[in-house]
1. Looking only at helices (runs of 4 or more DSSP H) that fall completely inside the range 233-307, which ones have 3 or more residues that are under 23 Å from the mean Cα position of the chain (by Cα), surrounded by 19 or more Cβ atoms within 10 Å (Cβ to Cβ) and polar (S, T, N, Q)?
2. Which condition number in (1) of a type outside the set (Lys, Arg); (2) part of a loop (DSSP other than H, G, I, E, B); (3) in contact (Cβ under 8 Å) with a residue 40 or more places away in the chain is the one that Gly195 fails?
3. Which of the residues that make up the range 215-254 are among the β-branched types (Val, Ile, Thr) and farther than 17 Å from Lys76 by Cβ?
4. Going residue by residue through the range 177-192, is there one that turns out to be in contact (Cβ under 8 Å) with a residue 24 or more places away in the chain, crowded, with 21+ Cβ neighbours inside 10 Å and assigned to a strand (DSSP E or B)?
5. For the range 161-174, indicate whether the set of residues that are over 30 Å from Ser219 (Cβ atoms), under 15 Å from the mean Cα position of the chain (by Cα) and part of a helix (DSSP H, G or I) is non-empty.
6. Of Asp276, Asp305, which residue is in contact with a strand residue (DSSP E or B) (Cβ under 8 Å, 6 or more places away or on another chain) and modelled with pLDDT under 95?
7. Looking at this structure, is Ala208 more than 18 Å from Gln142 (Cβ to Cβ) and surrounded by fewer than 20 Cβ atoms within 10 Å (Cβ to Cβ)?
8. In this structure, does Phe145 turn out to be of a type outside the set (S, T, N, Q), buried (at least 23 other Cβ atoms within 10 Å of the Cβ), part of a helix (DSSP H, G or I) and in contact with a helix residue (DSSP H, G or I) (Cβ under 9 Å, 6 or more places away or on another chain)?
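The values are calculated or read from the model by the stated rules, or taken from the named source; none is laboratory data. Nothing here was measured: the structure is a model prediction, and the numbers come from that model. Glycine gets a Cβ as well: all are built from the backbone with ideal geometry, and neighbour counts include every protein chain shown.
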Amino acid sequence: MASAALEPWQTAAQRRKRRSAERRPRGREVAIRDLEAQPEADCGVVLRRIREAGKDLLLSDFWSLALETINSCLTKHLEQLKVPERTLSEALGNLRLDSLPDESAVTPGFIPGENPVPGTCHWKCVCYGIGNFATCVIARHQLTFLLLFLEKCQIPRRHCWVYDPLFSQLEIAVLKSLGVTVLSENEEGRRSVHGEPTIFYMPHCGTALYNNLLCSNWSVDALAKMLIIGNSFRGLEERLLARILQKNYAYIAKVLKGLEELELPETSQYMDVFNDTSIHWFPVQKLQRLPTDTWAFREEPDYQDCEDLEIIRDKGRAPSAADQNLP
């Protein structure tokens, strides 16, 4: 892994003012170290903690409320993708909560999404910036959410790509044992969907990461195939001065009127985990109403004058590597 991979993702320094809880940082130096007593913990210990987090999340008010929000957004997105009605019903069938999870879903050996699912809507999933889930409770809950989300959306784990330069070798081993694909290079968020419906899960990532992602998918067709679960774009607009947003994060500034955003619910149990988090999608009709010169904008972000940059740069990245293909 590149030298940058030894450094932590830096998180946004300020959350939306209306949020009552202050999120705890997730870096190594201040992580909630519930495994301090066993720093050489093996995969089994971490997997057990993930199982425990999964049981808690499945039975929480947050999970049931979040599914309602996700179901609403994904329904609209699948309709935009013109998924056949029968397939649409199948794809969203697992998202409906008519009752609490059955007993098998909360047994001691349960790992969310462990059983393979067929996958009817062919979504891909890319996850950036979860952090040290082996030692940080917040990061572990975010990972557990991802695993449950994959299961509910019937996305096979092999169709989920995960990266954080903070990952330890233990965490990489755990992720591989869970069946997701661990990326070996720091893409800085520069990943193109290349025509494939893709969900990007990026909880509490740096603003530049979202800006890079938009830059790499800067067309009506590409954005219409994307969903982003991450920091509220409305919150970014509220927190940053307009001139700073337009100068440093131009792609976010230009797309604000071309998206729809639904906030994930706030509950006291998971306030620090999912505060300021929304699911974003890009209706074609809104994108087409943006000024005609919007799509002619193709400047490569450089962030040279950007203070307090919130991502780790890949110093060895060549300019031509800005547009990454899905594996």
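1. Numbers: elements: 233-239, 242-248, 250-255, 271-274, 284-288.
Filter on the range 233-307 gives an empty set.
2. (3)
3. Within the range 215-254, Ile244, Ile252 meet the criteria.
4. Yes.
5. No, the range 161-174 contains no residue that is over 30 Å from Ser219 (Cβ atoms), under 15 Å from the mean Cα position of the chain (by Cα) and part of a helix (DSSP H, G or I).
6. The unique qualifying residue is Asp276.
7. Criteria not met by Ala208.
8. Yes; evaluated as a whole, the condition is true for this residue.
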